[in-house]
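Engineer: The structure under discussion is supplied below as structure tokens; questions concerning it will follow.
The values are calculated or read from the model by the stated rules, or taken from the named source; none is laboratory data. Remember, it's a predicted structure, so these values are computed and weren't measured experimentally. For neighbour counting, all protein chains shown are included, and Cβ atoms are generated from backbone atoms with ideal geometry for every residue, glycine included. Calculation scope for accessible area: heavy atoms of the full protein, side chains included, ligands and nucleic acids excluded. Shrake-Rupley method; radii C 1.70, N 1.55, O 1.52, S 1.80 Å.
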Amino acid sequence: MRLTFQQRCFSANTVKIWMAGYPFLLSDDRGEDDCSATGCMEAAVLAGVQCYDAEGNPYDIQEHEGSASKFRYQYSKPYSHRKLGGYVVGLGATPAEAREVLLLLERDKVFSRNTASVVIDWVVYNGHVDLFSYNKVTFSLLPTGALHKRIDTQPFPMNLYGGGNHSTDLNINLVLMIIYVLLAIFFVDRFRHYFLLQCKLSTEKLRRMSTLVDFFKGDPWNYADVVSMCLNLNVIVLWLMFSFYADEAFSLDSFTTSYEFSTAVAPTSVQKLDEFANLAENFGSFTMWSSLN
């Protein structure tokens with residue numbers, strides 16, 4: 001379980017007419033943007049300007065020292081949620097560990113009016129149905145003071161056509177998917193055949209430049225055929241992307257019993273939660289476009 005939170009950067013107000021009432025303003029101009037999805041903190045880090053907190057006290061936005069633990073929370077982009085940047089903290093693997101870490105964060109006064117967003121994401125596995133589930137809870141504090149809350153859960157299978165406790169059904173799914181791909185290829189080929197035929201007819205009538213107009217004017221169902229063909233091709237591409245991605249991600253060692261956590265993090269370390277987040281996003285897109293088809 002991972003927690004990623006971003007801090008805001010305030011700067012001194014230089015407009016004299018408003019300085020008395022509003023001595024400090026947000027340095028980023030993102031309006032109503034949700035920081036949990038856009039990465040507000042990165043802009044302040046890259047700008048390299050002096051940041052102030054909501055009370056006007058100068059502080060280093062790239063590093064925060066816990067008031068109780070004296071632990072140094074440092075800005076990180078590669079290991080943050082969706083690589084948007086922020087302070088990254090591991091919440092452990094059990095409710096007890098998560099509560100302990102959250103109490104530590106509270107004692108360290110990590111969360112304050114300077115906090116722009118908090119994202120908690122984790123992955124669970126249900127062996128009864130052989131499904132993984134990527135879960136995400138986000139809180140984003142807008143400049144207006146409104147708090148946006150959102151919960152996302154996306155289940156997805158890691159074993160598409162093998163493994164699990166219902167391999168027979170998975171084999172049937174594979175056969176049906178192959179039939180679907182073959183039918184889609186046949187449909188595209190027939191569409192190409194009729195379009196070339198229309199191109200030939202329009203050329204004979206000296207209307208080669210109006211082939212598309214003649215094609216759709218001759219049969220309005222061609223509009224539906226184009227939409228259906230695009231949906232079919234999009235579904236197949238998303239299916240292939242998920243299939244190959246799932247095969248590669250299935251070897252992720254952080255979710256096997258042989259994996260050992262280490263305090264040393266190398267620059268080449270891969271953020272496993274982001275791998276599962278990509279898988280969940282791909283599968284969600286696949287199911288959505290499939291339902292539209």
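Engineer: Taking only Cα atoms and a 10 Å spring cutoff, compute GNM fluctuations for the chain and point out the largest among GLY145, GLY218, GLY127.
Structural biologist: For the chain, modelled as a Gaussian network with Cα springs under 10 Å, the answer is GLY218.
Engineer: Of the listed pairs LYS77/LYS136; LYS77/LYS109; LYS109/LYS272; LYS83/LYS149; LYS136/LYS272, which have alpha-carbon separations greater than 24 Å here?
Structural biologist: Over 24 Å apart, Cα to Cα: LYS109/LYS272.
Engineer: Compute the relative contact order of the chain as a whole-number percentage, counting only Cα pairs closer than 8 Å that sit 6 or more residues apart in sequence.
Structural biologist: 16 percent
Engineer: Beta carbons within 10 angstrom, averaged per residue: use that to sort the peptides 42-48, 67-73, highest first.
Structural biologist: Packing order, densest peptide first, comes out as 42-48, 67-73.
Engineer: Accessible area per residue, 1.4 Å probe, Å², for the chain: what's the number?
Structural biologist: 62 Å²
Engineer: Which of the cysteines found in the chain have nothing to pair with, since no other Cys Cβ lies under 4.7 Å from theirs?
Structural biologist: That list is CYS199, CYS230.
Engineer: For region 53-155, taking Cα atoms only, what is the radius of gyration to one decimal and the Dmax to the nearest whole Å?
Structural biologist: 15.7, 54
Engineer: With θ set to phi - 60° and the Karplus curve 6.51 cos²θ - 1.76 cosθ + 1.60, what are the ³J(HN,Hα) couplings of region 62-70 in order, to the nearest whole Hz, using x for Gly and Pro?
Structural biologist: 7, 8, 10, 9, x, 5, 9, 8, 6
Engineer: By the gyration tensor of its Cα atoms, with a ≥ b ≥ c the square roots of the eigenvalues, what is the shape of region 111-244: rounded for a/c under 1.5, prolate for a/b over b/c, or oblate?
Structural biologist: The shape class here is oblate.
Engineer: Quick query: amide H of THR115 versus all other amide H atoms, modeled in the peptide plane; which residues come in under 5 Å with a sequence gap of 5 or more or a different chain?
Structural biologist: ARG8
Engineer: Would region 7-119 count as rounded, prolate or oblate if I go by the C-alpha gyration tensor, calling it rounded below 1.5 in a/c and otherwise prolate when a/b exceeds b/c, oblate otherwise?
Structural biologist: Prolate.
Engineer: What is the set of long-range amide H partners of PHE24 at a cut-off below 5 Å, with H atoms built 1.01 Å from backbone N?
Structural biologist: Residues meeting the criterion, in which the H sits 1.01 Å from N, are ASN13.
Engineer: Further question: Based on the Cβ-Cβ distance of LEU103 and MET288, what FRET efficiency does E = 1/(1 + (r/R0)^6) give at R0 = 41 Å, to the nearest 0.05?
Structural biologist: Efficiency, from the Cβ-Cβ distance: 0.55.
Engineer: Shifting gears a bit: About the Cα centre, and with charges only on the beta carbon of Lys, Arg (+1) and Asp, Glu (-1), how big is the dipole of the chain? Nearest 20 debye, please.
Structural biologist: 780 debye
Engineer: Where is the GNM fluctuation largest for the chain (alpha-carbon springs, 10 angstrom cutoff): PRO157, PRO23, PRO78?
Structural biologist: So, out of PRO157, PRO23, PRO78, the one fluctuating most is PRO23.
Engineer: Which order do ASP152, ASP60 take when ranked by solvent-accessible area (1.4 Å probe, heavy atoms of all protein chains), largest first?
Structural biologist: If we order ASP152, ASP60 from most to least accessible, we get ASP60, ASP152.
Engineer: Highest first, please rank the peptides 96-103, 134-141, 2-9 by the mean number of other Cβ atoms sitting within 10 Å of their residues.
Structural biologist: Taking the mean over residues of other Cβ atoms within 10 Å, the ranking is 2-9, 134-141, 96-103.
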